[in-house]
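Data block below; observations after.
Just so it is clear, none of the values below were taken in a lab; they were calculated from the coordinates. Note that the coordinates shown come from a computational prediction; the quantities given were computed from them, not determined experimentally. Every residue, glycine among them, receives a Cβ derived from its backbone with ideal geometry; neighbour counts consider all protein chains shown.
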Amino acid sequence: MVFAGKTQKEALQLLKYCRHNLLHRPFLLKNKFQKITMSIGIASFPHDAQTVEDLVAKADNAMYYSKRHGRNRITMWSVISHLKARNYFILF
């Protein structure tokens, strides 16, 4: 998704709202209620990237970080290095 004209914080709030609603409003599929979770990566222009390609790549990397660390998460590209460092020091 692209949130033109929104700050990273505003996009984060909108996505938290979407994630909450999807999780708490199951849908009916083949006579069974299903829940949906979201793994989201956020990158912003021009703070995180200068080109469209780099922006998409960083958002994609942040999304996969969310998936690897528990799913149904939102990760901002700008905090991944901090999160990796914290996890490194916790392990040692």
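Divide by every residue of the chain the summed helix terms, -39500 (n - 2.57) for each DSSP H run of at least 4, and state the resulting mean residue ellipticity at 222 nm, rounded to the nearest 500 deg cm²/dmol.
Using -39500 (n - 2.57) per qualifying helix, the result is -17500 deg cm²/dmol.
So how tilted is helix 52-68 from the main axis of the chain? Cα-based, degrees 0 to 90, rounded to 10.
Between helix and principal axis, roughly 60 degrees.
If I fit a long axis through the Cα atoms of helix 8-24 and take the longest principal axis of the Cα atoms of the chain, what angle between them do I get, 0 to 90°, rounded to 10?
That helix lies at roughly 20 degrees to the long axis.
Given R₀ = 25 Å, FRET efficiency for residue 45-residue 25 by Cβ-Cβ distance, to 0.05?
Calculated value: 0.20.
Determine which residues of region 33-56 fall in the zone a paramagnetic label at residue 18 would reach in this model, i.e. backbone nitrogen under 13 Å from the point 7 Å along Cα→Cβ.
37-43
Charges at C-beta only: +1 for Lys and Arg, -1 for Asp and Glu. How large is the resulting dipole of the chain about its Cα centre, in Debye rounded to 20?
Computed about the Cα centre, the dipole is about 660 debye.
With Rg/Rh (Cα atoms, Kirkwood Rh) in mind, check [x] 1.05; [y] 0.93; [z] 0.97 and report the label derived from this structure.
[x]
Quote the FRET efficiency, to the nearest 0.05, computed for residue 54 versus residue 33 with a Förster distance R0 of 41 Å and r equal to the Cβ-Cβ distance.
It comes out at approximately 0.55.
Once Lys and Arg get +1 and Asp and Glu get -1 on their Cβ, which of 78, 63, 50 lies farthest toward the positive end of the dipole of the chain?
Of the options given, the answer is 63.
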